[in-house]
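Reading through the structure tokens given below for one structure.
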């Protein structure tokens, strides 16, 4: 995941998803609206500093708060790079909550039907998913 402007000067910013760890919720290339400093709770999708490589930003679902930080998982069970690999993420490394996503229009999409379909699904809020949180915690 990459972010424009590492140190947020405003409460909202834009970040871009790289990689498949959050599929089907987020896809490679999605642009995210991030609310920096927002209160977070289990089930939220958040932007975090990677606990082992703090110059790297990641986006994951917050599963549960533990004594040593947040247990985070990607929505794609086949992808690596979450708390199953690096453990809990300290609270101070949770930067913000993802409020929405924008999917860029695929190249070559010209038919009216395809454009309407894209327009209807391109901008969506990213909600807290309590059911996903319970499923992920059960792993």
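The values are calculated or read from the model by the stated rules, or taken from the named source; none is laboratory data. Predicted, not measured: the structure shown is a model, and the values here were computed from it. All Cβ positions, even for glycine, are placed from backbone atoms using ideal geometry, and neighbour counts span all protein chains on display.
Yes or no, residue by residue, for (1) in a helix (DSSP H, G or I); (2) out of contact with any helix residue (DSSP H, G or I) (no Cβ under 7 Å at 6 or more places or on another chain); (3) farther than 16 Å from residue 40 by Cβ:
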{"position": "65", "(1), (2), (3)": "no, yes, no"}
{"position": "71", "(1), (2), (3)": "no, no, no"}
{"position": "77", "(1), (2), (3)": "no, yes, yes"}
{"position": "80", "(1), (2), (3)": "no, yes, yes"}
{"position": "84", "(1), (2), (3)": "yes, yes, yes"}
{"position": "92", "(1), (2), (3)": "yes, yes, no"}
{"position": "101", "(1), (2), (3)": "no, yes, yes"}
{"position": "113", "(1), (2), (3)": "yes, yes, yes"}
{"position": "117", "(1), (2), (3)": "yes, yes, yes"}
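Taking the condition of being part of a loop (DSSP other than H, G, I, E, B) and under 21 Å from residue 91 (Cβ atoms), how many residues in region 23-45 meet it? Residues meeting the conditions: 8. Can we say residue 59 is over 10 Å from the mean Cα position of the chain (by Cα) and part of a strand (DSSP E or B)? Judged against the criteria, residue 59 is not a match.
Within the set 138, 107, 114, the sole residue that is over 19 Å from residue 58 (Cα atoms) and either under 14 Å from the mean Cα position of the chain (by Cα) or at pLDDT 75 or above (or both) turns out to be 114.
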